[in-house]
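To start, the structure under review is shown below, and the notes come after it.
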Amino acid sequence: MAANKRPVSTRQQERRRRRRKAIALRILTGVLVAGLAVGAFFGIRAAYRGIRGWVDSVMNDPLLETTTSAGQETVPTTEPPTTEDERTRYAGILADAEQLALSYDYDGAMAYIQSQGDYGRSALLQETYQEYLRLKTTLVKVDITQVYHVFFHSLIVDTELAFDGDEDTAGYNQVMTTVDEFNAMMQQMYDNGYVLVKLHDMAYTDANGDFIQGTIMLPEGKKPFVLSVDDVSYYEYMQGDGFATKIVLDERGNPVCEYRNRDGSVVTGDYDVVPLLERFIRQHPDFSYKGARGCIALTGYEGILGYRTAPMYADPSHEDYKPEYASINVEEERAAAMKVTARMEELGWEFASHSWGHINMGQVDIGWLMNDMTKWKNEVDTLLGGDTDILIFAFGVDFGSWRPYDSSTDPTYKWLKEQGFKYFCPVDSFNIPWVQFSAKEGYLRQGRVNLDGYEMYYKKEKLDIFFDTDSLFDKSRPLPVPSY
């Protein structure tokens, strides 16, 4: 009997193990199925929320039109936005980018477009970016030694007053230009492919402190030039002779000129180079390379821009003091002048020293020059931010010859270099253009040609590279124009 019980007990144990194993497998399978069900639930819910968010963004996109009828619900369209839809939506962005592109700043235009939040989903913005990229590849690098430089003095507004036969008539006829002549010159230069650039476009100091040539990129056939204006002080002797009297800011913050009519009334408007050039560039933005304007050369002995900022106006002991100066508040004049110069710099204008006393640097000794420039630094440069590095020679006379400057042998250049001057501009109307660059000494030197009565009357064939002199020469000028 004992021998028969052992096999029966073994079979029972085997059956129990199988049952436990089956139960365990069923439990494990149930747990896995439950886990998969929970995961699927949360996955489906997350996907649903993502899809619903996308649908909501599409439904709210102003590019998608909706139509409604009386008693009907609004139904969104499913058609993609058209180019015209995008042009309407992005009109402001496209206009701002176009202003940059018109001044040949394609990098700026592309960066601006790409910075827009909708750039990634707007075919129009991306196409515009690609078009500017294509246009950029058509530009060619300018040889800075082939950049022209023209200059003016204050413009004659009323030719009858300027050419009235008094002692100043001959000088005005020689070295001044009329408003009508200037406007015609700018238009013809624009038509002939000229583009305004700045001296600081031609060369600059890089982040390493090295003075290097600038990279100016323009379309093939465009001709870069610099424009400057001498003696923008509206000197006392010019009053009543048909010139503007001061540069002020209009209600939009743009520079305009005050002008005194014959009846004594004062008006503001475009009466000199600064506001006239501003207006022309607004009308023809492609006349200006990356927002370039002109360079204003300032003396200091009677102040700047028509403001009586010189100390003598507040000093009754000064030999040139007049009783009428008692009404002048020099500090207020200086504050007003600083607002105008700051705004002009924002617009792209550059400023230069024309010496304090309009001295001939080819004739004075270094002591005189140092005294004069120290006064200019104290009385004028402080109104310009204190970092002026352009010197435009009074009378057009350089202190050196045509040979390159050398600070090791020329004490005058060495001292001016120490004062921070890097750009030197004499008058040279024989070699057009004339540019001298030295990375070693750290300067750019550029000759200028005067566009005035004398040059138009006696040297008109030389000016043919810019415009047709006969077509714009003001017939109100007394002839012959006085010679030197």
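When +1 charges are put on Lys and Arg Cβ atoms and -1 charges on Asp and Glu Cβ atoms, the dipole computed for region 141-472 relative to its Cα centre reaches about 1140 debye. On the beta carbon distance between F430 and W368, with R0 = 30 Å, the FRET formula returns roughly 0.60.
Relative to one another, the C-alpha centroids of region 315-329 and region 238-266 are positioned 23 Å apart. Rg over Rh for region 141-472 works out to 0.95, both radii taken from alpha-carbon positions and Rh defined as the Kirkwood radius.
For region 104-196, the convex hull spanned by the alpha carbon atoms encloses 156 Å³ per residue.
Dimensions of region 333-483 along the principal axes, based on C-alpha atoms and rounded to the nearest Å, stand at 45, 42, 27, largest first.
Which entries in K375/K462; K290/K462; K223/K377; K136/K417 show an alpha-carbon gap greater than 31 Å?
Listed pairs above 31 Å: K375/K462; K223/K377; K136/K417.
The percentage of C-alpha pairs in region 355-434 whose separation is greater than 15 Å is 58%.
Inter-label distance, D191 to T205: 4.3 nm, where each label sits 7 Å from its Cα along the C-beta direction.
One compactness figure for region 85-137 is 1.01, namely its Cα radius of gyration divided by 2.2 N^0.38 Å.
Read-outs throughout are calculated quantities, based only on the coordinates presented, and are distinct from any laboratory measurement. Given the structure is predicted, the values throughout are model-derived calculations rather than measurements. For neighbour counting, all protein chains shown are included, and Cβ atoms are generated from backbone atoms with ideal geometry for every residue, glycine included.
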